[in-house]
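Below is one structure, written out as structure tokens; the observations come after it.
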Amino acid sequence: MISDAPVLQQTTEPAESAAPSRLSRYAGPTLGLLLPLTLALGWELVVWSGWSNGRLVPPPSRVFATVVDLARSGELFRHIAATLWRVGLGFAFGVVAGTLLGAISGYWSLARRLLDPTVQALRAIPSLAWVPLFILWLGIFETSKIALIAVGVFFPVYLGVMGAILIVDRKIVEVGRTFRLSGPAMIRRILLPAVLPAYVVSLRVGLGLGWMFVVAAELIGASEGLGYLLLDGQQLGKPAQILAAIVIFAILGKLTDWLIEIAAAPFLRWQDAFGRTTGA
């Protein structure tokens, strides 16, 4: 009887530990919804009680009704599809260019001395300053919009990749040289795992800037897209439509950021990071 007690205790421990981990997995997203839902409910109560007429800042119920009307007419899905298409293409082009140039500048010092000063100078140019130039070069159709989004995505990805390569621990590189790893093997087995966490962060930052740049892009003669929906609401004096477009931007931005997190998670399981140990 005495010898069986520890065995029973050991078999029940994994089941007990699995329940908290399952709860913590769902507690994070639920907790993240608490603040926006509280703010929305608070403003709804303020308008309902008559403390504000809700004309310039409509209550959530009116914004939701606007979203439903746009969805019923089919306009909402058309605008969302156009914006997602532009962001997706611009993000892809910006990531490819930023990754290649960032890797070249980080790995070869000569390339860094040649490329980096020009890239840093271009990075300081405001996003709207590119608009007239892209209209002149590429016209007012999709090419100029996608190019503007790609520019916004390019710079954080370039900086993230180059910076991550430059701060790789020299001792790890020396170990690779000791084992006589070739250039491609050094990149695959040492540099790539060391750079990957910072690369994922730069992708998330680049995606966020892509969603910001798409608004400026859709001001270039667009007839569809969430940015167009914003402009249309401003010109026609529809604050509920403006807020509806802003909320949809926020939801789509968070969903796409979450997709990057999910896609990168299997490649970062080896990390013994602070956030994993504390449940942050």
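The values are calculated or read from the model by the stated rules, or taken from the named source; none is laboratory data. Predicted model only: the values in this text are computed from it and were never measured. Positions of Cβ are generated from backbone atoms using ideal geometry, with glycine treated the same way; all protein chains shown enter the neighbour counts. SASA here: full protein model, heavy atoms, side chains in, ligands and nucleic acids out. Shrake-Rupley method; radii C 1.70, N 1.55, O 1.52, S 1.80 Å.
The table that follows gives values for the structure above.
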quantity: Single unsatisfied condition, residue 157 versus (1) at pLDDT 85 or above; (2) over 21 Å from residue 110 (Cα atoms); (3) touching a helix residue (DSSP H, G or I) at 6+ places or on another chain (Cβ under 8 Å); calculated: (2)
quantity: In region 139-190, residue farthest from residue 211 (Cα to Cα) [restricted to those that are of a type in the set (Phe, Trp, Tyr) and open to solvent by 70 Å² or more (accessible area, probe 1.4 Å)]; calculated: 179
quantity: Those residues of region 124-138 which are in contact with a Leu (Cβ under 9 Å, 6 or more places away or on another chain) and open to solvent by 80 Å² or more (accessible area, probe 1.4 Å), in sequence order; calculated: 128
quantity: Test: residue in region 196-217 that is at pLDDT below 85 and open to solvent by 50 Å² or more (accessible area, probe 1.4 Å); calculated: no
quantity: Given (1) farther than 22 Å from residue 66 by Cα; (2) of a type in the set (Lys, Arg); (3) modelled with pLDDT of 75 or more, number of the condition residue 276 does not satisfy; calculated: (3)
quantity: Candidates 219, 191, 203 - the one that is farther than 19 Å from residue 89 by Cβ, within 26 Å of the chain's Cα centre (by Cα) and aliphatic (A, V, I, L, M); calculated: 191
quantity: Candidate set: region 42-61, residues that are under 19 Å from residue 241 (Cα atoms) and hydrophobic (A, V, I, L, M, F, W, C); chosen: the one surrounded by the most Cβ atoms within 10 Å (Cβ to Cβ); calculated: 47
quantity: Identity of the residue in region 93-123, open to solvent by 80 Å² or more (accessible area, probe 1.4 Å) and modelled with pLDDT under 90, that ends up nearest to residue 159 (Cα to Cα); calculated: 107
